[in-house]
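Engineer: Attaching a single structure in structure tokens format; questions to follow.
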Amino acid sequence: MKACDVIQFYSPLSGGIKNYVHSKARWFAENQPDVEHFVIVPSDKNEQFKIANSTFYAIKSPKLPFSKSYRVLCSKKQIEKVLLDESPDIIETCDPYITAQICNKLAAKHNIPTVAFYHSDFPRTIPPQVRKVMGRWLSTCVSRWTLKYLKKLYKNNKALIAASSTMTQSLKNDGFENVVNIPLGINTDLYLPVENAERIRDKYGISKDKQMILFVGRFCFEKNLLNLIDAFKTLSKIRSDMQLVMVGDGELKNKMCKLTEDYQDILILPYFGDKDELMQMYSTADVFVHPGVLETFGFVMIEAQSCGTKVVSVKDSIVHESCRHDEDNIAAEDEFSDAIAEAIDKSLKIHTSWEKRLWRHQQMVERFSNNTTYSRMTKLYHDVIS
């Protein structure tokens, strides 16, 4: 079997989807060496490179407007050339935009079956600022139009994959067909609790005398980071024993830096390419916070828990799905700053023993390992092809 991934959201600073396809490449090499795998991604230049046994075809692409690092994979001619040269048995797309449209047309033209991964919940990710300008009625009309568009886009896909049971049910309720739930996984051998991770605090100037609140991810409106900053500012009025550390990059970075420049206990760090350092950062944190409500999965929540760290999420959000079986994980009642502040305050009052960290890691091994994810993915591919 030869499988192709076409990845629109791929850049030097991207996180979840890039991790997904890199992990898949390594898993195929270690567990399914008979599977030939190649990936098409956007870049600032045309080139080929290898991750494990998988070939990555980088296609020179224009910058995505208003984005710091993403590009638009839109060259039908170059995508078709790669597909003709490689002749895949199946194509997986990961976005609902122009790249998916191109791939669907090319797949139909060359009789290649396709599946799609619902990584981005397009109808529900209209920025709050845009919703405010449009008003409730127009926002509802736009959401309905995008649902109609997506049903047409995914109509001929053999499967629409969703990473959470909540999103799977939501898509089925909206009338989508062939929806398959395959929870994403992480390399649980990489993300481990580290008992003596304090050196990472020394390196980045994080206080050893204060409890560390951590966020890792792209700095964008979907993550609800401005409310997280406001929540910390609210909490700092009643307690002085904490620091907020935010790791990543993105279009909101300049605004976040400006909002936090007068707060010594808010530290904004660059994107971490070193996974060992990221593991240590997760391990030394007292609590990991993800305030977003627009995610379709949330890799970072799994990574943090795999490193033994308790987490704060927002009630009824999809990222909360991975946090429900641990009494130390706290859910804010809503995504606004007061509720997030209250949840963080509760979490910081809970002591986490080393034994509890090890137990939390084991829960992630059992529920969210790469082996489970990609075994199910490979079976789906074979079923679709046959």
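Engineer: Please give the number of the condition Thr284 fails out of (1) under 18 Å from Ser11 (Cβ atoms); (2) in contact with a Lys or Arg (Cβ under 8 Å, 6 or more places away or on another chain).
Structural biologist: (1)
Engineer: Additional query: Which condition number does Thr296 fail, the rest of (1) under 18 Å from Thr188 (Cβ atoms); (2) modelled with pLDDT under 95; (3) surrounded by 21 or more Cβ atoms within 10 Å (Cβ to Cβ) being met?
Structural biologist: Every condition holds for Thr296 apart from (1).
Engineer: What are the residues in segment 60-90 that are aliphatic (A, V, I, L, M) and either under 23 Å from Gly250 (Cβ atoms) or assigned to a loop (DSSP other than H, G, I, E, B) (or both), if any?
Structural biologist: Correct list: Leu64, Val72, Leu73.
Engineer: Scanning for something over 20 Å from Val300 (Cα atoms) and part of a strand (DSSP E or B), does segment 24-37 turn up at least one residue?
Structural biologist: Step one: list which residues in segment 24-37 are over 20 Å from Val300 (Cα atoms), which gives 28-37.
Of the ones still in play, those that are also part of a strand (DSSP E or B) are 36-37.
Scanning segment 24-37 turns up at least one residue that is over 20 Å from Val300 (Cα atoms) and part of a strand (DSSP E or B).
Engineer: Among the residues of segment 299-315, is any surrounded by fewer than 21 Cβ atoms within 10 Å (Cβ to Cβ), touching a residue at least 60 places away in the same chain (Cβ under 8 Å) and touching a helix residue (DSSP H, G or I) at 6+ places or on another chain (Cβ under 7 Å)?
Structural biologist: Among the residues of segment 299-315, not one is surrounded by fewer than 21 Cβ atoms within 10 Å (Cβ to Cβ), touching a residue at least 60 places away in the same chain (Cβ under 8 Å) and touching a helix residue (DSSP H, G or I) at 6+ places or on another chain (Cβ under 7 Å), which makes the answer no.
Engineer: Follow-up question, since we're still on this one. Can you pull out the residues in segment 320-338 that are touching a residue at least 24 places away in the same chain (Cβ under 8 Å) and over 23 Å from His351 (Cα atoms)?
Structural biologist: Listed by number, the residues that qualify are Glu335, Phe336, Ser337.
Engineer: For Glu321, only one of the following conditions fails: (1) crowded, with 17+ Cβ neighbours inside 10 Å; (2) modelled with pLDDT of 90 or more. What is its number?
Structural biologist: Of everything listed in (1) crowded, with 17+ Cβ neighbours inside 10 Å; (2) modelled with pLDDT of 90 or more, Glu321 misses just condition (2).
Engineer: When you go through (1) outside any loop (DSSP other than H, G, I, E, B); (2) more than 30 Å from Ile112 (Cβ to Cβ) one by one for Ser240, which number turns out not to apply?
Structural biologist: It is condition (1) that Ser240 fails.
Engineer: Next up: Please name all residue pairs, on different chains or six or more residues apart, with Cβ atoms under 7 Å, provided the first residue is in segment 241-262 and is at negative phi and at pLDDT 90 or above and the second residue is of a type in the set (D, E, K, R) and surrounded by fewer than 21 Cβ atoms within 10 Å (Cβ to Cβ).
Structural biologist: Note: pairs meeting the criteria are Asp241/Lys210; Met242/Lys210; Met242/Asp265; Gln243/Lys210; Gln243/Asp265; Leu244/Asp265.
Engineer: Can you spot a residue in segment 14-28 that is within 20 Å of Lys81 (Cα to Cα) and either of a type in the set (Phe, Trp, Tyr) or surrounded by 16 or more Cβ atoms within 10 Å (Cβ to Cβ) (or both)? Even if it seems obvious, please write down each step before you answer.
Structural biologist: Looking only at segment 14-28, we keep the residues that are within 20 Å of Lys81 (Cα to Cα), and these are none.
Within segment 14-28 (the criterion being within 20 Å of Lys81 (Cα to Cα) and either of a type in the set (Phe, Trp, Tyr) or surrounded by 16 or more Cβ atoms within 10 Å (Cβ to Cβ) (or both)), the answer is no, since none of the residues qualifies.
Engineer: Give the residue that is surrounded by the fewest Cβ atoms within 10 Å (Cβ to Cβ), with candidates limited to residues of segment 204-244 that are more than 19 Å from the chain's Cα centre (by Cα) and β-branched (Val, Ile, Thr).
Structural biologist: Ile238
Engineer: To continue, here is another question. Name the residue that is nearest to Leu294 (Cα to Cα), counting only residues in segment 64-121 that are of a type in the set (Asp, Glu) and at pLDDT below 95.
Structural biologist: The residue in question is Asp121.
Engineer: Name the single residue, out of those in segment 369-386 being in contact with a Ser or Thr (Cβ under 9 Å, 6 or more places away or on another chain) and β-branched (Val, Ile, Thr), that is surrounded by the most Cβ atoms within 10 Å (Cβ to Cβ).
Structural biologist: So, considering only residues that are in contact with a Ser or Thr (Cβ under 9 Å, 6 or more places away or on another chain) and β-branched (Val, Ile, Thr), the one surrounded by the most Cβ atoms within 10 Å (Cβ to Cβ) is Thr373.
Engineer: Would you pick out the residues in segment 199-230 that are more than 30 Å from Asp121 (Cα to Cα) and in contact with a Lys or Arg (Cβ under 6 Å, 6 or more places away or on another chain)?
Structural biologist: Passing the criteria: Arg201, Lys208.
Engineer: Quick check on Gly250: is it in a loop (DSSP other than H, G, I, E, B), out of contact with any helix residue (DSSP H, G or I) (no Cβ under 6 Å at 6 or more places or on another chain) and either closer than 30 Å to Tyr154 by Cβ or assigned by TED's automatic domain parsing to the domain that holds Arg71 (or both)?
Structural biologist: In short, yes.
The values are calculated or read from the model by the stated rules, or taken from the named source; none is laboratory data. Predicted model only: the values in this text are computed from it and were never measured. All Cβ positions, glycine included, derive from the backbone under ideal geometry; neighbour counts span all protein chains shown.
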